[in-house]
Structures are given as C-alpha cells and as structure tokens.
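Here the structure is laid out as structure tokens; the discussion comes afterwards.
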Amino acid sequence: MFFIEAKRIMVVIFGSLLVAISLNFFLINANVYASGFAGAAQLTSSVFEDYVGIRISTGILLLVFNIPVFILGWFKVGKGFTIYSIVSVIFATLFMEILPVLSVSEDIILNAVFGGVIAGVGIGLSLKLGASTGGMDIVAMVLSRLQDKPIGMYFLLLNGVIIVLAGIVYEPENALYTMLTLYVTTAVIDMIHTRHEKVTAMIVTHKAEELQQAIHNKMVRGITILPAKGAYSKEDKSMLYLVITRYELYDLETIIKEVDPHAFTNVVQTVGIFGFFRREGEVVSKKH
C-alpha cells in the first residue's frame, strides 16, 4: 500500500514538473497561454505586469486561484483526489518559482505545440492515477462525472474564455496560438486518460467474497460472480465479471493487489453496453 501511494505521489510531482516546464520554457515568454487555471494565472500575471506595472508570479497566482476549487473538489470529487491535487499545485508553484523563465525556441508555433504536449502529458498522467494538477482539472472532472463525457471536451469548453481574453487583451494571433496549445493539450489528455471509455474486467480468484466486498467499498459497480475451474490444476475458483470506466481501473488494480495478489485478471475494452450502468452522481436503485 505504501509503495502504491508513493508511486502516485511521485507521478503527481512529475506531472507538476512537466506543467512548470511547459509554462516557464515554452509558453510564458511566447505570450501563449496554457490550459485551465495555469493559463488564467499566466494571463493575469501578464496583465498586471504590462498594464499595471506590478509583477506577480504565475506560480503564486496559480496557488491562489486553486483555493476555492480545492473546496469544490473536497466535497464533489473526493478527499483523496483533492489532497493529491493540493500537492500537485504546491509543487507546480514551487517548480515555477525555481525554474527560470526562458525561451527554448523563438518560433511561436513550436512553443505552442511543445508547450501543449508537455502540459497534456503532465495533466494526463496525474489524472490516470486518480489525481490532478488542480484548478480546471477538478471542475472538468466534476462535469465529466456527471455527464460521462470525455474530460478533454470540458477542458476545451472551459478554456474558451482564456482564448477570447488572450485575443482581446493582446493580439488576435495570441488567441489563435493559445487555441492551438489548448487543442494539443486536450488531445494528449484524452489519449492518456480516456476516462469515458468502458472496460470489462474478468478476475479469477480464490477470494471472491473478500474481493467483491473490497470493490463495493471503493466503487458502486455491479459484479457477477461465476464458478470457475482451473483446466490444469482442477482447482475450484470464482470469476468476478464487472464493467468499469478506465478512470476506475487504477483503483481496481490496487484493490486486487491488496486482497489477492495471485488473482488472474483479464481487462478488455468494451465497445458498448446495454442496461443499467451507474454514472457518477446517480442514485442507485435497490432493484439493481
């Protein structure tokens, strides 16, 4: 259990480092804006410096903007998810304060594309392990859980205001390059995260009851338990059959390792399902 949590924290910190690299090395000097609250903090910092003459670092603004969102995440997404998000934002702020702000390239298109890819990898890796880089991640996660749509789609919609403001405050070209960055970021996030996709897990185990109880303690999913028998060993076993989202796959893997590390699990992509499948926020009827 300690190893699993340590791994998750290390990935979250690495994701924060990638977001900081994306901003400090590619996007800030190019006046191209990142996705989410990082982009909002970046735009606000630019406005204060260029129009008011006050320099407030993007990292500090990112931390301030995230405080109300952490409260939302605590109640709507989950305490564990929010705690990891807090860790992520704190380290992102720290890395952005430590790393110099420089231009790796003078080509604004290269800055927009590579900045978007690096940020997308950082956010996507964190989401894949059940954490986030804070800010818009949490807002998009709440909407994604309610509607069961691709999380990247919500990033694109919620970031529209950054694109518009970038075009109004600076040059219209800045809005176009920001749009390119956001598109690349959302594409990478969906490629890594793909929360909206369903998968079917078939778990062959000696500990069917314990495993079933542990899964239901963590997630609300229907489970079918079938009798199974080893063809070579002739041992009587059970097979748990359940459909989950890719977002829940990491939690399922963790549960199996804790309850029965010797269980055999086959995970296959589910093309479609018919019948009841609980979405986040839905009340589960006793009939199911």
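Show me the helices (runs of 4 or more DSSP H) found entirely inside segment 61-174 where at least 1 residues are within 15 Å of the chain's Cα centre (by Cα) and modelled with pLDDT under 80.
Once the helices (runs of 4 or more DSSP H) in segment 61-174 are filtered for at least 1 residues that are within 15 Å of the chain's Cα centre (by Cα) and modelled with pLDDT under 80, what remains is 79-98, 108-128, 136-147, 151-158.
Would you mention how many residues in segment 52-102 are of a type in the set (S, T, N, Q) and closer than 19 Å to M10 by Cβ?
Final tally of qualifying residues: 4.
Considering only segment 207-260, state which residues are surrounded by fewer than 17 Cβ atoms within 10 Å (Cβ to Cβ), of a type in the set (S, T, Y) and in a strand (DSSP E or B).
T224, Y241
Would you check if M202 is buried (at least 20 other Cβ atoms within 10 Å of the Cβ) and more than 18 Å from the chain's Cα centre (by Cα)?
Taking the combined requirement at face value, the residue does not satisfy it.
The values are calculated or read from the model by the stated rules, or taken from the named source; none is laboratory data. Predicted model only: the values in this text are computed from it and were never measured. Virtual Cβ from ideal backbone geometry, glycine too; neighbours counted across all protein chains shown.
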